[in-house]
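Below is one structure, written out as structure tokens; the observations come after it.
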Amino acid sequence: MNIIKKIKNPFLLFSPFLLLYLLFVLVMYTPVFIGDETRFLAYAKNLLQGFYSPPSPHIDLLSGPGYPIILVPFVFLHLPKICIILLNVLMHYLSVVFLFKTLQTFASFRKSLIISLFWACYYVAYQNMVRIAYEPFTMFMLTLLIFCLVKAFEDQTIKKSRQYIILSGIIFGYIALTKVIFAPVIVIMLAGSVLLWLMNRKIVNYRKAVIITIIAFTTFLPYVVYTYNLTGRVFYLGTGGDNFYWMSTPYEGEYGDWKGPLEINPVDNGNYNIPGAGDTLVAHHKKDYDAINKLTGVERDDAFKKIAVNNIKEHPLKYAQNIFFNIGRIVFHYPFSYAIQRPKPLYVMPMNGIIVTFMLICLIPTFMNWRKFLFPVRYMIFIALLYLGGSSLACGETRMFALIVPVLLAWIAYVIQKSAKINLKFSDESKTYVNS
């Protein structure tokens, strides 16, 4: 530990992981484009042509423009896929560095190191490192956000922390452009921050929170204006109605996981369906899809959402059950409807089980000492809770939980620093007792 302490530069301290990640992607890399990769590249090509989504009636807003904007230089220069994958390596390595730098502002070197090493070894997040995916970039942005938030609230005057306040707002807003579920998170936090500030205008932290969330809202506001001009809908950020449709399924044996286009499902939905599953899905959902497939764009999305709302109204307990199952999928990759058993949950459970266990342990000291918490830590907790709460209402996967893990680890680190002492060596009393 003393040798490690002498390495004061965190970029150097965690450099072995940069090599580890590089080796991992070189072994796992495939030049073939799979899944959402072609969609992200298509969005980037659209941006180069001066638009994001095709016009009505073929509107396509499945993802926010934040990540495709990052891909624009790669597409413009016709760089191979491996260059984007190497960017993922860099982003994940930097997320480890900035998490450590954040933790050191309120935790000891030992605790900061242990928790940062846990994040560095959090292999659940590795699955998207070898793909063209927004997760590595968003994870980096979230660690950069919590670092800037701590710095923004470190000084009591707004003038001295102005640059970090501005950076926090811009980064938070850009995260919403990348993962649009953070947009309603920002709106809720803006309303809450304004309310707290109006109740007590003398507290500088409340004023800072208002400024940060206003900047964040302003950052993603141009996209809101763009989607309004495209669709005529206010705050219409995505065409993900099929997600809510499958989440609201009222049929027993279906757990709310996404199944995709019905005509493709009988073959495979990515989770290896059991024999006969396709016939069951067709029997349950063909009538809905026959009507929905006649529509395109926003109208198609509206049809999905209308059926989902009706399902929830008519079967609220089943939807509540689907939410419970969805939380299981987000955290432990289980359960999936009509799916053959696979070993992935056994790989996910140890890492996420540790995090969930510590989260539950931290709840009590968090509630007991809420007013004593550093304000940026409280701000982070609200971001995490709102994000996880929103994610549980629509079809989720473990990558959604992995995305917010750096924020959860910052919360856990703060509670451990304030309420627990880690000692890996036995005391002398224990040694005496054994020898006697």
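The values are calculated or read from the model by the stated rules, or taken from the named source; none is laboratory data. Keep in mind the model is a prediction, meaning the values are calculated, not measured. Note that we place each Cβ from the backbone using ideal geometry, even for glycine, and neighbour counts take in every protein chain shown. Note: accessible area is taken over every heavy atom of the protein model, side chains too, but ligands, DNA and RNA are not part of it. Shrake-Rupley method; radii C 1.70, N 1.55, O 1.52, S 1.80 Å.
Odds and ends about this structure:
- Verdict on residue 336 being in contact with a Pro (Cβ under 9 Å, 6 or more places away or on another chain), under 30 Å from residue 123 (Cα atoms) and of a type in the set (A, V, I, L, M, F, W, C): no
- Within region 48-80, being assigned to a helix (DSSP H, G or I) and either crowded, with 17+ Cβ neighbours inside 10 Å or in contact with a strand residue (DSSP E or B) (Cβ under 7 Å, 6 or more places away or on another chain) (or both) holds for 66, 67, 68, 70, 71, 74, 75.
- Note on region 14-45: among residues that are in contact (Cβ under 8 Å) with a residue 60 or more places away in the chain, in contact with a helix residue (DSSP H, G or I) (Cβ under 8 Å, 6 or more places away or on another chain) and outside any helix (DSSP H, G or I), the one that is farthest from residue 92 (Cα to Cα) is 33.
- Checked against the criterion of being under 30 Å from residue 99 (Cα atoms), small (Gly, Ala, Ser) and touching a residue at least 40 places away in the same chain (Cβ under 8 Å), the candidates 56, 63 yield just one match: 63.
- Boolean, residue 179 is closer than 24 Å to residue 51 by Cα and basic (Lys, Arg): yes
- Test: residue in region 159-167 that is open to solvent by 10 Å² or more (accessible area, probe 1.4 Å), at pLDDT 95 or above and not in a helix (DSSP H, G or I): no
- Here residue 403 fulfils each of the conditions (1) out of contact with any Asp or Glu (no Cβ under 8 Å at 6 or more places or on another chain); (2) more than 21 Å from residue 322 (Cα to Cα); (3) buried (at least 20 other Cβ atoms within 10 Å of the Cβ) apart from (1).
Each row is one residue, and each column tells you yes or no for (1) open to solvent by 50 Å² or more (accessible area, probe 1.4 Å); (2) hydrophobic (A, V, I, L, M, F, W, C); (3) under 20 Å from residue 393 (Cα atoms).
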site	(1), (2), (3)
290	yes, no, no
314	yes, no, yes
317	yes, yes, yes
358	yes, yes, no
361	yes, yes, no
364	yes, yes, no
368	yes, yes, no
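- For region 107-119, the candidate set comprises residues that are surrounded by fewer than 20 Cβ atoms within 10 Å (Cβ to Cβ) and in contact (Cβ under 8 Å) with a residue 12 or more places away in the chain; within that set, the residue that is nearest to residue 414 (Cα to Cα) is 108.
- Residue that is nearest to residue 176 (Cα to Cα) [pool: residues in region 229-244 that are in a loop (DSSP other than H, G, I, E, B), at pLDDT below 90 and not hydrophobic (A, V, I, L, M, F, W, C)]: 238
- Test: residue in region 122-143 that is part of a helix (DSSP H, G or I), within 15 Å of residue 406 (Cβ to Cβ) and without any contact (Cβ under 8 Å) to a residue 12 or more places away in the chain: no
Residue-wise test of (1) within 19 Å of the chain's Cα centre (by Cα); (2) of a type in the set (Val, Ile, Thr).
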site: 227; (1), (2): no, yes
site: 231; (1), (2): no, yes
site: 235; (1), (2): no, no
site: 240; (1), (2): yes, no
site: 253; (1), (2): no, no
site: 256; (1), (2): no, no
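- Verdict on residue 278 being more than 22 Å from residue 59 (Cα to Cα), free of Cβ contacts under 8 Å to residues at least 40 places away in the same chain, open to solvent by less than 70 Å² (accessible area, probe 1.4 Å) and of a type in the set (Gly, Ala, Ser): yes
- Among the residues examined, residue 208 does not qualify as closer than 24 Å to residue 385 by Cα, open to solvent by 20 Å² or more (accessible area, probe 1.4 Å) and either touching a residue at least 12 places away in the same chain (Cβ under 8 Å) or not charged (D, E, K, R) (or both).
- Exactly one residue out of 194, 124 is open to solvent by 40 Å² or more (accessible area, probe 1.4 Å) and at pLDDT 95 or above, and it is 194.
- Checked against the criterion of being more than 27 Å from residue 398 (Cβ to Cβ), assigned to a helix (DSSP H, G or I) and open to solvent by 10 Å² or more (accessible area, probe 1.4 Å), region 171-191 contains one or more residues that satisfy it.
- Residue selected from region 245-272 under the condition more than 19 Å from residue 393 (Cα to Cα) and crowded, with 16+ Cβ neighbours inside 10 Å, by the criterion modelled with the highest pLDDT: 262
- Residue match in region 225-238 (condition: crowded, with 18+ Cβ neighbours inside 10 Å, touching a Pro at 6+ places or on another chain (Cβ under 9 Å) and either of a type outside the set (A, V, I, L, M, F, W, C) or within 30 Å of residue 325 (Cβ to Cβ) (or both)): yes
- Long-range neighbours under 8 Å by Cβ, at least six apart or interchain, first residue over 18 Å from residue 406 (Cβ atoms) within region 328-357, second in a helix (DSSP H, G or I) and of a type in the set (D, E, K, R): 333/344; 335/329; 336/329
- Elements of the type helices (runs of 4 or more DSSP H) sitting completely within region 374-436 and holding at least 1 residues that are modelled with pLDDT under 90: these cover 398-419, 428-435.
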